[in-house]
1. State which residue pairs qualify: first residue over 24 Å from Ala50 (Cα atoms) and inside the stretch 178-198, second residue open to solvent by less than 80 Å² (accessible area, probe 1.4 Å) and of a type in the set (Phe, Trp, Tyr) in any location, beta carbons under 8 Å apart, and separation of 6 or more residues or different chains.
2. Among the residues of the stretch 48-69, which ones are under 18 Å from Leu38 (Cα atoms) and not in a strand (DSSP E or B)?
3. If I filter the stretch 19-42 for residues that are in contact (Cβ under 8 Å) with a residue 40 or more places away in the chain, closer than 30 Å to Ile160 by Cα and surrounded by 12 or more Cβ atoms within 10 Å (Cβ to Cβ), do I get at least one hit?
4. Can you pull out the residues in the stretch 54-81 that are among the charged types (D, E, K, R) and farther than 25 Å from Pro211 by Cα?
5. Tell me whether the stretch 161-177 contains one or more residues that are among the acidic types (Asp, Glu) and buried (at least 21 other Cβ atoms within 10 Å of the Cβ).
6. Go through Thr147, Thr85, Thr120 for me and flag whichever is surrounded by 13 or more Cβ atoms within 10 Å (Cβ to Cβ), part of a loop (DSSP other than H, G, I, E, B), of a type in the set (Val, Ile, Thr) and touching a strand residue (DSSP E or B) at 6+ places or on another chain (Cβ under 7 Å).
7. Going by what's in this entry, would Gly203 be described as within 24 Å of His51 (Cβ to Cβ), open to solvent by 20 Å² or more (accessible area, probe 1.4 Å) and of a type in the set (Gly, Ala, Ser)?
8. Return the residues of the stretch 8-46 that are at pLDDT 90 or above and over 20 Å from Ser194 (Cα atoms); say none if nothing qualifies.
Amino acid sequence: MLDILFRDEYLIAINKPHGLLVHKSKIAADVEVFALQLLRDQVGQKVFPAHRIDRKTGGVLLFAFNKEIEIAMQKQFAENRVAKTYLAIVRGHTDDQGGVDYPLRKENGTLQDAYTAYRTLKRAELDVPFGKHATSRYSLVEATPATGRMHQLRKHFAHIFHPIIGDRTHGCNKQNKLFKDKWEMETMLLHAHSIEFAHPVTGQQVTISAPLQPEFEQVMRLMQWA
């Protein structure tokens, strides 16, 4: 059963587990379980995805109960009128706060402006040798993307040399191997913590937050951040 975070007659939001696809995709033709179908079966009615989050990302995922509301919410996301907050565990000790202003290229080659603000919530230094270093350093960051480009947070943190742990595409393969070998952890440690937006029907401000998934909490305890 999916964890339902918010529901009214127009919208429904879940806390998507890491590794669950939003809907069918040609990229993962072998996958048979999707958030859209699971939620549809759970609530007994059609649902339409209002936005997307990566398969490996956990956290808030919003659906609409009809096509009109889906389009209205997708417009809000496209126009960056939805405030999104993410939590990520990254390699190294990040600055107290900062911003990444780095354009990202679409699949067709077009460059798009992309900006991510972040602040560091916690830091850890584990007594685990890594490469030429006697210890391993990590940070818990809160990230607020001002734009919604594909893999934006993953690419931006990799760009500033603080890749997200468990990111196979843009991250650090050696760190990912360390987490797999030492702690049996293969989850990408990126969590869609909250979204805030104007309700498309009532106009009221809606804030939806998702608790961390178990895999993320496991690493929080490992870092002694729990």
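The values are calculated or read from the model by the stated rules, or taken from the named source; none is laboratory data. Please read all numbers here as calculations on a predicted model, not as lab measurements. Every residue, glycine as well, gets a Cβ built from its backbone with ideal geometry; the counts of neighbours run over all protein chains shown. For the accessible areas, the whole protein counts, side chains as well, though only heavy atoms, and no ligand, DNA or RNA atoms are used. Shrake-Rupley method; radii C 1.70, N 1.55, O 1.52, S 1.80 Å.
1. Leu178/Phe130; Met185/Phe179; Glu186/Phe179; Thr187/Phe216
2. Within the stretch 48-69, the subset under 18 Å from Leu38 (Cα atoms) is 48-66.
Matches in the stretch 48-69: Ala50, His51, Arg52, Ile53, Asp54, Arg55, Lys56, Thr57, Phe65, Asn66.
3. Going through the stretch 19-42, the residues in contact (Cβ under 8 Å) with a residue 40 or more places away in the chain turn out to be 19, 42.
Narrowing the set further to residues that are closer than 30 Å to Ile160 by Cα leaves 19.
Restricting the remaining residues to those that are surrounded by 12 or more Cβ atoms within 10 Å (Cβ to Cβ) gives 19.
Taking every residue of the stretch 19-42 in turn, at least one turns out to be in contact (Cβ under 8 Å) with a residue 40 or more places away in the chain, closer than 30 Å to Ile160 by Cα and surrounded by 12 or more Cβ atoms within 10 Å (Cβ to Cβ).
4. Residues of the stretch 54-81 among the charged types (D, E, K, R): 54-56, 67-68, 70, 75, 79, 81.
Correct list: Lys67, Glu68, Lys75, Glu79.
5. First, pick out the residues of the stretch 161-177 that are among the acidic types (Asp, Glu): 167.
From what's left, buried (at least 21 other Cβ atoms within 10 Å of the Cβ): 167.
Yes, that holds for at least one residue.
6. On the way: Thr85 fails: part of a loop (DSSP other than H, G, I, E, B); Thr120 fails: part of a loop (DSSP other than H, G, I, E, B).
Among Thr147, Thr85, Thr120, only Thr147 is surrounded by 13 or more Cβ atoms within 10 Å (Cβ to Cβ), part of a loop (DSSP other than H, G, I, E, B), of a type in the set (Val, Ile, Thr) and touching a strand residue (DSSP E or B) at 6+ places or on another chain (Cβ under 7 Å).
7. On the way: within 24 Å of His51 (Cβ to Cβ): yes; open to solvent by 20 Å² or more (accessible area, probe 1.4 Å): yes; of a type in the set (Gly, Ala, Ser): yes.
So Gly203 fits the description; yes.
8. Glu9, Gln37, Leu38, Arg40, Asp41, Gln42, Val43, Gly44, Gln45, Lys46, listed by residue number.
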